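The values are calculated or read from the model by the stated rules, or taken from the named source; none is laboratory data. The structure displayed is predicted, hence computed values, not measured ones. Every residue, glycine as well, gets a Cβ built from its backbone with ideal geometry; the counts of neighbours run over all protein chains shown.
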């Protein structure tokens, strides 16, 4: 990928350059402040912008807003030491494609790039409408989850792609022992969604519903699965409700269902109520939950047929 690095620290820019070039990426340019970042973006049109938040003069948040005006489909990943829910929520609402926290590890950049590598961007129209709806619903849910559970929840990334059901296995690749909670809408507009858990994180995430000291279910599968379904139900409804409301339809979701069996099983469940040949709009989100020095990650995937996506974008343009 061709990458533009924006950071006021020459040392940070140099370190990121070394990491990216070692992994086979091309550094198209560097910038140390907002005005030079916008000039470089307009001239170089990189595949990805890595953008610091705190810089002299124009902040990274302001630069992100300006980049979105130049190119609504630009890929921008924030690189920051600021870890605050309100800032993260604003970044997602105005179109950040991900957040990497300092101090970062070499692998953080590849993980951030992975979600949109080898996938085509969503078709234009009112291109950011679906992403804003998804990020807004999930962001509000994260803030409520922080109050309702014993974990600190954050929305790390939201991306929207056009694709086919065959693309789902890549997004659901949380390991062969992963589990997922799935909700479809059969009565109303065709929507499907799943929240995917890595096997090693299931106990920590499900236990976050229990207040008090760090709680692990200790192999009590019925309790663990019940808690997973409850968390998945809350978060998936936060994703789907803004989309359904934008369509101005009445929708009745299915009962949340637990799926086991890794990427293939999750992908099969997601596409069960959709035409396997149709073009889809795919929403992919990454969540993190921190608790008492531990961190767990989960993925959220939402699917809607392209014609429904176009309807949402048309409504946003009115």
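Residues are listed down the side, and each one gets a yes or a no for (1) over 16 Å from residue 96 (Cβ atoms); (2) assigned to a helix (DSSP H, G or I); (3) free of Cβ contacts under 8 Å to residues at least 60 places away in the same chain:
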| position | (1), (2), (3) |
| --- | --- |
| 37 | no, yes, yes |
| 41 | no, yes, yes |
| 49 | no, no, yes |
| 56 | yes, no, yes |
| 62 | no, yes, yes |
| 65 | no, yes, yes |
| 69 | no, yes, yes |
| 73 | no, no, yes |
For the range 1-35, how many residues are in contact (Cβ under 8 Å) with a residue 40 or more places away in the chain, in a strand (DSSP E or B) and surrounded by 15 or more Cβ atoms within 10 Å (Cβ to Cβ)?
4
Tell me which residues, restricted to the range 268-298, are under 30 Å from residue 210 (Cα atoms), in contact with a helix residue (DSSP H, G or I) (Cβ under 7 Å, 6 or more places away or on another chain) and surrounded by fewer than 23 Cβ atoms within 10 Å (Cβ to Cβ).
291, 294, 296, 297
Of the conditions (1) in contact (Cβ under 8 Å) with a residue 60 or more places away in the chain; (2) surrounded by 19 or more Cβ atoms within 10 Å (Cβ to Cβ); (3) under 30 Å from residue 113 (Cβ atoms), the single one that residue 306 does not satisfy is (2)
In the range 136-177, which residues are modelled with pLDDT of 80 or more and closer than 19 Å to residue 113 by Cβ?
155, 156, 157, 158, 159, 160, 161, 162, 163
Of those in the range 180-219 that are part of a strand (DSSP E or B) and at pLDDT below 85, the residue surrounded by the fewest Cβ atoms within 10 Å (Cβ to Cβ) is 187
